[in-house]
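J.: Let me begin by handing over the structure; questions about it come next.
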Amino acid sequence: MKRYFDKTNNRLIYIGKASDANYWDAHWDKNTIEKLYPKRIMPTDYVINTTQKYLPKGSTILEGGCGTGQQVFKLQKSAYKVIGIDYAEKTVKIVKQAKPELDIRLGDVRKLDFDDNYFEGYWSFGVIEHFYNGYDEIINEMYRVIKPGGYLFITFPHMSKLRKLKAKKEKYPVWNESEENIKNFYQFALSEQKVIADLEKLNFKLIKKQHLSGIKGLKDEIKFLKKPLQKIFDSRSLFGMGMSKVISMIFNRFSSHTVLLILKKK
């Protein structure tokens, strides 16, 4: 995966394989559904705990770009009414066969098949960064289907302090908008300030911002830390997961890979 800095828009552009529906079908097909789903919902689960702070049980929630549906599964098990949509047709079919109790549908986050003001909540895990032509259609649909007083929970890779520092010191090659690069576009690391401004223009109010996965930001951006941190990041042992959490907590404000925004529709 190659990274370029787009000076005009203050963002990183990742070039590798195009992140279209075929990519995700092939990507997610490498794992079996059962291995991806938790045996039980942990009391410390971040998504459930975050949701419960803002939405009572029984609330209707959409996950736009749900992939293999683990978050839909966890939210439904936690007494929410959840629908997941994704445009990767093969993946949706596999999930529906493996987990028929889940409401997983084929759909496009840019053109949702729901009435206005339909949901109390909307979760978006790392979706808006994968569209080269921008996320305007996606966030317009988010606003349309969320009820007044409802909540949007959205995560995406962002320009952390570390990435901004590297960009300032010209550590990334400058973006070249060639046909080949656009063809192989994977994702952006976006300016969180711009995303917030664009959502506030739609009449969302920012409630909370939280930086996440400081360890991933460190290992991806600092070459000599890549190998040791990758081992910790990949570890499934209690010690490894604990170390990963501690490192992220220490470095989140400096090197977070993603940011979570929680916004309320006015």
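The values are calculated or read from the model by the stated rules, or taken from the named source; none is laboratory data. In this text, all values refer to a predicted model and were calculated from it rather than measured experimentally. Reconstructed Cβ throughout: ideal geometry from the backbone, glycine too, with neighbour counts over all protein chains shown.
J.: For the stretch 35-50, how many residues are surrounded by 14 or more Cβ atoms within 10 Å (Cβ to Cβ) and within 15 Å of the chain's Cα centre (by Cα)?
T.: Looking only at the stretch 35-50, we keep the residues that are surrounded by 14 or more Cβ atoms within 10 Å (Cβ to Cβ), and these are 36-37, 41, 45, 47-48, 50.
Going one step further and asking which of them are within 15 Å of the chain's Cα centre (by Cα), we end up with 47, 50.
So the answer is 2.
J.: What are the residues in the stretch 233-253 that are closer than 25 Å to residue 165 by Cα and either touching a Gly at 6+ places or on another chain (Cβ under 6 Å) or surrounded by 15 or more Cβ atoms within 10 Å (Cβ to Cβ) (or both), if any?
T.: Of everything in the stretch 233-253, those that are closer than 25 Å to residue 165 by Cα and either touching a Gly at 6+ places or on another chain (Cβ under 6 Å) or surrounded by 15 or more Cβ atoms within 10 Å (Cβ to Cβ) (or both) turn out to be 233, 244, 247, 248, 251, 252.
J.: Taking residue 143 as meeting all but one of (1) outside any loop (DSSP other than H, G, I, E, B); (2) under 17 Å from the mean Cα position of the chain (by Cα); (3) farther than 17 Å from residue 71 by Cβ; (4) among the aromatic types (Phe, Trp, Tyr), write down the number of the exception.
T.: Just one mismatch for residue 143, condition (2).
Okay, residues lined up against (1) within 18 Å of residue 21 (Cα to Cα); (2) modelled with pLDDT of 95 or more; (3) within 17 Å of the chain's Cα centre (by Cα):
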| site | (1), (2), (3) |
| --- | --- |
| 67 | yes, no, yes |
| 76 | no, yes, no |
| 79 | no, yes, no |
| 82 | no, yes, no |
| 88 | yes, no, yes |
| 92 | yes, no, no |
| 103 | no, yes, no |
| 109 | yes, yes, yes |
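J.: Just to be sure I understand the filter: pairs with C-beta atoms under 7 Å, separated by 6 or more residues or on different chains, first member in the stretch 178-196 and over 17 Å from residue 19 (Cβ atoms), second member polar (S, T, N, Q). Which pairs pass?
T.: From residues that are over 17 Å from residue 19 (Cβ atoms), the pairs are 191/10.
J.: Can you run down the residue pairs with Cβ atoms below 8 Å, 6 or more apart or on separate chains, where the first is in the stretch 50-72 and within 18 Å of residue 145 (Cβ to Cβ) and the partner is among the β-branched types (Val, Ile, Thr) and assigned to a loop (DSSP other than H, G, I, E, B)?
T.: If the second residue must be among the β-branched types (Val, Ile, Thr) and assigned to a loop (DSSP other than H, G, I, E, B), the pairs left are 64/109; 64/127; 65/109; 65/127.
J.: Please go through the stretch 155-171 and give me each residue that is over 16 Å from residue 13 (Cβ atoms), outside any helix (DSSP H, G or I) and charged (D, E, K, R), ordered by number.
T.: The one that is over 16 Å from residue 13 (Cβ atoms), outside any helix (DSSP H, G or I) and charged (D, E, K, R): 169.
J.: Another question, then. Say we look at the stretch 127-175 and pick out the residues that are of a type in the set (Gly, Ala, Ser) and in contact (Cβ under 8 Å) with a residue 24 or more places away in the chain; which of these is surrounded by the fewest Cβ atoms within 10 Å (Cβ to Cβ)?
T.: Step by step, filter the stretch 127-175, then rank; the result is 149.
J.: Could you list all residues from the stretch 106-116 that are surrounded by 15 or more Cβ atoms within 10 Å (Cβ to Cβ) and out of contact with any Ser or Thr (no Cβ under 8 Å at 6 or more places or on another chain)?
T.: 106, 107, 108, 110, 112, 114 - these are the residues of the stretch 106-116 that are surrounded by 15 or more Cβ atoms within 10 Å (Cβ to Cβ) and out of contact with any Ser or Thr (no Cβ under 8 Å at 6 or more places or on another chain).
J.: For the structure I just gave you, tell me whether residue 200 is closer than 23 Å to residue 66 by Cα, charged (D, E, K, R) and at pLDDT 95 or above.
T.: no
J.: Please verify whether residue 213 is surrounded by fewer than 21 Cβ atoms within 10 Å (Cβ to Cβ) and of a type in the set (Gly, Ala, Ser), treating the condition exactly as stated. Give the derivation first.
T.: On the way: surrounded by fewer than 21 Cβ atoms within 10 Å (Cβ to Cβ): no; of a type in the set (Gly, Ala, Ser): yes.
When the stated conditions are applied, residue 213 does not pass them.
J.: Look through the stretch 27-84, keep the residues that are out of contact with any helix residue (DSSP H, G or I) (no Cβ under 7 Å at 6 or more places or on another chain) and among the aliphatic types (A, V, I, L, M), and return whichever of them is nearest to residue 104 (Cα to Cα).
T.: That would be 83.
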